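Accompanying notes for the structure given below.
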Amino acid sequence: MSNAAVKLASSWGAVNDSPDSVDGDFSACCVSSTLTGSPIDAFYGNTGEVLKLGIPSDLANSPTLGRLLALGLVTGTEAYFRSIFLGMLNACPLARERSADQMVPLGALDYYGADQIGMGLFEGISFAGEAEVKKRSAALLNFSWPATGSLGVALKAYDAVCHIRHASVHSQGLLSRGNARALSIQPTVAMKQVVVDFAHLQKIALVCTSLVRSYNGELFNATVEKWISDKYLKGSWADDRKAFTGLSKIFVSQVDSVGPKTANARYKMLLPSIAKRNSRSKK
């Protein structure tokens, strides 16, 4: 601090303590990622870790804590969408063809590597809201859904949660006019502030989980149906094993452990549909 600043700080100009000197180097806390498994299981893991911190008494004593944990739940949902999009770009030839003309930053190849260069598509993109999820699903995967179906309803509820997240991040929980309108809160003289208690934290987790489960299941089924109709699946395990096993790894949850236990068992259940397609094509 200069002599003039010191003199000012000791007189009428002093309104707060002098700032500390600190550098902006945080490289030591940035470590290699250890995430493994399917995107939905990574989402489950993040959700569980966030909810561990949501002890009812702690939430009651700190309005900030609930907002931070709500942010953590939405962050995990955004990570799911980035991972499932990347997985589809790597595993699905239809998605690769559709996204072939998409532009990515040149530096993405150096940073992410060839296998994950698709992550460059999502730099600067937020999946904290309905619009971007729908836009990217259509543009990259040719995937859409009815607004009144289970996925459409789940996404609409998630959009409301994202307005809570927006207020928590940008204004210490104070709802903007847009946030309030999206949450169907009537205008009042006093501004409204988000306070996430235990019950609402659990509700936010359920909203995010419902969305991820709906999206994961419907996208998998839509992709397999396209693979059958477009004759990417041949009907021979020897021909289809690599592609179908890769697709299954992206979508199948080991945490939920539902449906056939192996990719081969799941594939066998598709053979009647593939055979029906083949018989139609011969006519």
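The values are calculated or read from the model by the stated rules, or taken from the named source; none is laboratory data. Please read all numbers here as calculations on a predicted model, not as lab measurements. As a convention, Cβ positions derive from the backbone with ideal geometry for all residues, glycine included, and neighbour counts pool all protein chains shown. Areas reflect the complete protein model, heavy atoms only, side chains present, ligands, DNA and RNA absent. Shrake-Rupley method; radii C 1.70, N 1.55, O 1.52, S 1.80 Å.
Determine whether segment 77-85 contains at least one residue that is among the hydrophobic types (A, V, I, L, M, F, W, C), buried (at least 16 other Cβ atoms within 10 Å of the Cβ) and part of a loop (DSSP other than H, G, I, E, B). I'd like the intermediate steps shown before the answer.
Of segment 77-85, the ones among the hydrophobic types (A, V, I, L, M, F, W, C) are 79, 81, 84-85.
Narrowing further to those that are buried (at least 16 other Cβ atoms within 10 Å of the Cβ): 79, 81, 84-85.
From what is left, the residues that are part of a loop (DSSP other than H, G, I, E, B) are none.
Taking every residue of segment 77-85 in turn, none turns out to be among the hydrophobic types (A, V, I, L, M, F, W, C), buried (at least 16 other Cβ atoms within 10 Å of the Cβ) and part of a loop (DSSP other than H, G, I, E, B).
Out of A275, A167, A265, A182, I need the residue that is in contact with a Ser or Thr (Cβ under 9 Å, 6 or more places away or on another chain) and among the aliphatic types (A, V, I, L, M). Which one? Break it down stepwise before answering.
Numbers: A275 fails: in contact with a Ser or Thr (Cβ under 9 Å, 6 or more places away or on another chain); A265 fails: in contact with a Ser or Thr (Cβ under 9 Å, 6 or more places away or on another chain); A182 fails: in contact with a Ser or Thr (Cβ under 9 Å, 6 or more places away or on another chain).
Just one listed residue meets the conditions, A167.
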task: Determine which single condition D239 fails, assuming it passes every other condition in (1) of a type outside the set (A, V, I, L, M); (2) farther than 28 Å from S137 by Cβ; (3) at pLDDT below 95; (4) open to solvent by 90 Å² or more (accessible area, probe 1.4 Å).
output: (3)
Matching residues in segment 141-173 - criterion: being among the hydrophobic types (A, V, I, L, M, F, W, C) and open to solvent by less than 20 Å² (accessible area, probe 1.4 Å): L141, F143, L151, A154, L155, V161, C162, A167
- line: Going through segment 237-259 in order, the residues found to be more than 14 Å from T36 (Cα to Cα), out of contact with any Lys or Arg (no Cβ under 7 Å at 6 or more places or on another chain) and not in a helix (DSSP H, G or I) are D256, S257, V258
- line: Cβ pairs under 9 Å, 6+ apart or interchain, first in segment 129-143 and within 17 Å of A154 (Cβ to Cβ), second β-branched (V, I, T) and surrounded by fewer than 19 Cβ atoms within 10 Å (Cβ to Cβ), ordered by first then second residue, are E132/I125; R136/I125
Leading residue by the ranking (surrounded by the most Cβ atoms within 10 Å (Cβ to Cβ)) among those in segment 219-236 that are charged (D, E, K, R) and not in a loop (DSSP other than H, G, I, E, B): K226
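Among the residues of segment 266-280, how many are assigned to a helix (DSSP H, G or I) and either closer than 30 Å to T47 by Cα or touching a residue at least 40 places away in the same chain (Cβ under 8 Å) (or both)? Before you say what the answer is, go through the steps one by one.
Restricting attention to segment 266-280, the residues satisfying the condition of being assigned to a helix (DSSP H, G or I) are 266-268, 271-280.
Applying the additional criterion that residues be either closer than 30 Å to T47 by Cα or touching a residue at least 40 places away in the same chain (Cβ under 8 Å) (or both) yields 266, 273-275, 277-278.
Of the residues in segment 266-280, 6 are assigned to a helix (DSSP H, G or I) and either closer than 30 Å to T47 by Cα or touching a residue at least 40 places away in the same chain (Cβ under 8 Å) (or both).
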field: Residues (at pLDDT below 80 and assigned to a helix (DSSP H, G or I)) located in segment 182-211
entry: A182
